[in-house]
1. Kindly express, to the nearest 10 degrees and within the range 0 to 90, the angle between helix A:103-113's C-alpha long axis and the longest C-alpha principal axis of chain A.
2. Could you work out the relative contact order of chain B? I mean the mean sequence separation of Cα pairs under 8 Å and 6+ apart, divided by the number of residues, in percent.
3. What whole number of Å gives the distance from the Cα centroid of region B:5-27 to the Cα centroid of region B:94-129?
4. Is there a simple number for the mean count of other chain Cβ atoms within 10 Å of the Cβ of residues in B:185-192, and what is it?
5. Once both axes come from the Cα atoms, what is the angle between helix A:179-196 and the longest principal axis of chain A, in degrees from 0 to 90, rounded to 10?
6. Name the shape class, rounded, prolate or oblate, that the alpha-carbon gyration tensor gives for region A:106-153, where a ≥ b ≥ c are the square roots of its eigenvalues, rounded holds for a/c under 1.5, and otherwise prolate holds if a/b is larger than b/c and oblate otherwise.
7. Name the residues whose placed amide hydrogens come within less than 5 Å of the amide hydrogen of B:Leu216, ignoring near sequence neighbours (fewer than 5 apart) on the same chain.
8. Loop sites only, by DSSP: take the chymotrypsin sites (Phe, Trp or Tyr not before Pro) in chain B that have at most 15 other C-beta atoms within 10 Å and name the longest stretch containing none of them.
Amino acid sequence: MSVLTVSSLAKRYRRGGKPFAAVDDVSFEINPAETLAVAGPSGSGKSTIAKLVLRLIEPDAGRIDFEGQDLLALSGATLRAKRAKVQMVFQDPLAAFNPRATVARVLDDPLRTHNIASRADRPRRIAALLERVGLDAGLAARAIHEISGGQRQRVAIARAIATRPSLIVLDEAVSALDVSVRGQILELLLDLQRQERIAYLFISHDLGVIRAVAHRVVILDAGRIAESGDARDVIAKPQSAIGKALVAATPRLIRNRP
Amino acid sequence: MNWLRHFFRTPEAVAGALILALLAAMALAAPLLFPGDPQAIAGPALLPPFQDWSLPLGTDRLGRDVLAELFHGARTSLAVGLAAAAAALLIGAVVGTLAGFAGGLIDEALMRITDAFQTVPSFLLALAFVSIVGPSLGVVVAAITLGAWTGPARVARAEVLSIRERDYVAGARVIGMHPLEIAFREVLPNALPPVLALSSVIVAAAILTEAALSFLGLGDPNRVTWGGMISEGRTVLRTAPFLSIVPGVALVLTVLGVYLAGEGVVESTAVRRSLS
Ligand SMILES: Nc1ncnc2c1ncn2[C@@H]1O[C@H](COP(=O)(O)OP(=O)(O)OP(=O)(O)O)[C@@H](O)[C@H]1O
Ligand SMILES: [Mg+2]
């Protein structure tokens, strides 16, 4: 059974008074331990899909089924409880955290909210989470703004896996990072996926990264799916005009990986 | 602690801080230096200042010690000013946060209420409230708060409106945090700096309003207040002007001190923020 099934999803906004579809008739599914990439030019609706799947905004039409359950039917406390299973990692790891927070507090929030560990047990769990993402447990006492961007994104991943989710939405999660750090973070994500069988909805405009981590890819154009399929196949032989344009805009792809 | 250094570099802020320190010292020392009832008769009536060194500022129409009254009045002014400002900031921050964070109907309703309170001049509001409920220290504080919370509410709401769009608020929702916890634990503390920047103006206005209420005879009758002293002195303004001048000057200095110190804090924190 798929982790996430999205059917005929639509979200309309108004631009200059006229309604336009930011997301239009989008359907896809993601299986356990699978990475589905969503690519597309700026403004094609990638982040809107992420927010819809996370129930941060409400769709105008369509269905979202999560582990066989109608996600859109949930509200209030039941929705909040379900949120443990669908987590997110943002692009800007600094903006993603309360500027006053410490690393410990950021990781304490999900554990406390979902009653995952007793108060006495939480410091130990926080240390374990930090170690799981390759950070020193001593980092817990530091303020969020005192650690490096790469460390911060690791903390964001630690926070996302704290509630043992089956799906993590990553919206440009490595785009803001240095190339060297980016490789390490992708490595960590792949490792977590292998160990915990987490599915990723991996949003990126970088086809090189997508090719390295994604099993399948969906290419968006102005809110609609232009094409989809096996990530390597689509990137090697794009069929849609937008797919060809995206591949052409990424020249190093050809030499990069076999 | 860096901003403290910036704070003490501006002479106005230092002057404000000194005045406030003096005022606080007066308020705290009042029951020690003048342990008796400041409203009790201490000597002959209308003794001018600097005549009798046991009554340095002389006595009023009823023979009460003016210096003792001044000290005890500082206590009332400071207590009322701080309590009313704290209440106004608290209520304003909570109302503004709820309105800005909840949006929709809740926002609409809360902002209409805020409008309603803001249209009535705050002094009239306080006057009406005290005349209906009756004068006591708590009622005076409540009456002043009634007209003072709307400014903080608006500022808090505006700040919350911008903060609630930040990623970290979405992050808190994704975590599954309760909306009230997001509003008050994640958003409110980050919306506070511009709200707190209003506090000096609110404290100063509260002290003045309290004085004005007392002047009109609507202060707590069991407390010495500067406004009450000015009002009493008015009846003998020609023969004993110092009875009005002494508390009047104290009032002006206090408001000035609060204002200067407040400006100093705002400025030095602004410096700190632009440096970081
Ligand atoms: N709250 C909103 N109100 C109005 N229009 C919006 C809103 N959010 C997004 N849009 C519009 O919807 C379209 C899709 O936006 P979205 O953020 O999903 O694009 P994206 O694919 O993530 O782009 P990018 O690669 O630049 O992040 C854009 O045209 C955007 O301007
Ligand atoms: Mg986006």
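Laboratory data are not the source of any read-out in this text; all were calculated from the coordinates shown. Model, not experiment: these values are computed from the prediction. Heads up, the Cβs are rebuilt from the backbone with ideal geometry, glycines too, and the neighbour counts pull from every protein chain shown.
1. Between helix and principal axis, roughly 80 degrees.
2. Numbers: 422 pairs, mean separation 73.2, N = 276.
Relative contact order of chain B: 27 percent.
3. 33
4. 2
5. The helix A:179-196 is inclined about 80 degrees to chain A.
6. Working: a/c = 2.14, a/b = 1.79, b/c = 1.20.
Prolate, because a/c is 1.5 or more and a/b exceeds b/c.
7. none
8. Values: sites that count: B:Phe8, B:Phe50, B:Trp53.
The reported range is B:54-276.
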